[in-house]
Amino acid sequence: MATALILGLRCCILACIAVGMLLAEHLQNAVNETWAWLLQQWWFNSVYFETVWAPVCFTVLLVPMYRLIDSIPLFDRYKIDKKHRFIPFTALEMLKTGVFYMAPLALLDTFMVKHYKGCGIDPMVWKIKRQTWVQTTRALPAEPPSVALIPIHIVCALVVFDMFFFLVHYSLHKNAWLYKTFHALHHDHATVDIHVTNQLTVVERIVLILSANEGLKIVNSHPLTRAIYVPIFLWLLMENHCVYDWPWGLDKLVPFGLMGGPARHFAHHVQGSGNYAPFFTYLDKLVKRTNGHSRKIGS
């Protein structure tokens with residue numbers, strides 16, 4: 001049954017891709033119109049847009065979605081921990097999370113010029129903006145992104161983030177001082193749930209954000225692509241801690257076991273080791289294979 005479901009979903013995804021390719025011109029027109037509209041909005045032009053957009057996606061889109069899922073008994077069968085129940089976020093908790101997340105980033109937004117390389121922005125624009133100490137608006141490209149490049153850049157940015165954060169995460173677990181100082185808080189919980197997603201030290205939070213941003217910068221992502229990336233990125237992070245192992249999850253849909261999924265990340269929290277990569281599995285498999293090979297040589 002599960003195999004048939006995955007096969008059917010994969011066929012649907014391939015069909016959607018095929019239809020998208022056939023309707024590429026119409027999709028591009030929709031992207032063009034969306035971008036033209038966004039350029040007219042003061043909030044999108046603000047230097048604080050990306051900083052505010054992430055907590056908005058978290059609190060307005062994703063948290064209510066998981067609260068709704070938890071309220072439907074039909075989905076209980078997919079829980080990894082059958083005793084788990086959704087714990088509502090308090091207003092104080094949301095405010096505290098927002099402040100700790102946004103304060104350092106808003107400071108950077110105010111005094112640093114945002115660069116979107118590879119998007120057709122004249123470098124002279126950035127040079128002029130650097131002459132002003134306080135930044136209020138972003139230098140945005142006039143042209144929209146290519147509809148074909150949006151998914152490619154999102155996937156590439158996720159792969160780059162996964163690699164960067166794997167290296168950091170692995171180091172945090174392998175060094176006792178680093179773990180105790182910067183990462184132990186993330187593992188300090190009675191049960192794994194979406195609250196743990198945001199249970200980070202300031203340093204770890206900044207590293208996570210910079211790693212995600214670096215992935216987007218390396219592939220020269222368009223600002224619209226970056227805006228689309230944020231809810232996808234947060235959804236994947238929250239899914240790792242949601243305690244639901246969906247039969248239609250990305251870890252099942254993506255072939256060759258390339259993606260980790262909630263079950264593997266739940267095991268990481270329970271065991272305190274293994275499955276260090278946030279999204280993909282190839283680095284964990286490589287480390288496991290390397291360690292196994294080293295033990296054979298030394299035996």
Handout entry: Contact order normalised by residue count of region 48-168, Cα under 8 Å, 6+ apart, percent
Key = 22 percent
Completion exercise
For the chain the mean separation of alpha carbon contacts under 8 Å (6+ apart) over residue count, i.e. relative contact order in percent, is 22 percent
Handout entry: Under Karplus coefficients 6.51, -1.76 and 1.60, residue-wise ³J(HN,Hα) of region 231-240 in Hz, glycine/proline x
Key = x, 5, 4, 5, 4, 5, 5, 5, 4, 4
Practice task
Pick out, from Leu216, Tyr179, Ala277, the residue whose Cα sits farthest towards the positive end of the charge dipole of the chain, with +1 on the Cβ of Lys and Arg and -1 on the Cβ of Asp and Glu.
Solution key: Tyr179
Handout entry: Proxy reagent accessibility, fewest Cβ within 10 Å first, across Leu158, Leu216, Leu236
Key = Leu236, Leu158, Leu216
Problem - Max mean-square fluctuation residue, GNM over the chain, Cα-Cα springs under 10 Å, options Tyr276, Tyr116, Tyr78 - result: Tyr78
Completion exercise
Cβ-Cβ cut-off under 13 Å around Asn32, Lys and Arg +1, Asp and Glu -1: the net charge is -3
Completion exercise
Non-local residues with an amide H under 5 Å from the amide H of Tyr244, with H modelled 1.01 Å from N and Pro and chain starts lacking one, are Ile80
Practice task
Rounded to whole Hz and in sequence order, give me ³J(HN,Hα) for region 212-224 from the Karplus expression 6.51 cos²θ - 1.76 cosθ + 1.60, θ = phi - 60°, writing x for Gly and Pro.
Solution key: 5, 5, 5, x, 5, 5, 4, 8, 6, 5, 5, x, 5
Practice task
Over region 166-299, consider all pairs of different Cα atoms and compute the Kirkwood hydrodynamic radius from their mean reciprocal separation; express it in Å, one decimal.
Solution key: 16.2 Å
Completion exercise
Summing +1 per Lys or Arg and -1 per Asp or Glu among the other residues with Cβ less than 12 Å from Leu216's Cβ gives +2
Completion exercise
Taking placed amide H atoms and a strict 5 Å upper bound, the residues 5 or more places from Phe280 or on another chain that come that close are Gly260
Completion exercise
Against the 2.2 N^0.38 Å rule of thumb, the C-alpha Rg of the chain sits at a ratio of 1.08
Exercise for the section: Give me the Debye-computed log₁₀ of I(q)/I(0) at q = 0.16, 0.23, 0.26, 0.27 Å⁻¹ for region 1-76, equal point scatterers on Cα only, no solvent, two decimals. Expected result: -1.00, -0.97, -1.02, -1.05
Handout entry: Packing rank of 148-155, 84-91, where each peptide gets the mean count of other beta carbons within 10 Å, highest leading
Key = 148-155, 84-91
Problem - Unit charges on C-beta of K, R, D, E only; dipole of region 2-298, Debye - result: 800 debye
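Coordinate-derived values only; no laboratory data. What you are looking at is a predicted structure, and each value in this text was computed from that prediction instead of being measured. Here Cβ is always computed from backbone atoms with ideal geometry, including for glycine, and neighbour counts include all displayed protein chains.
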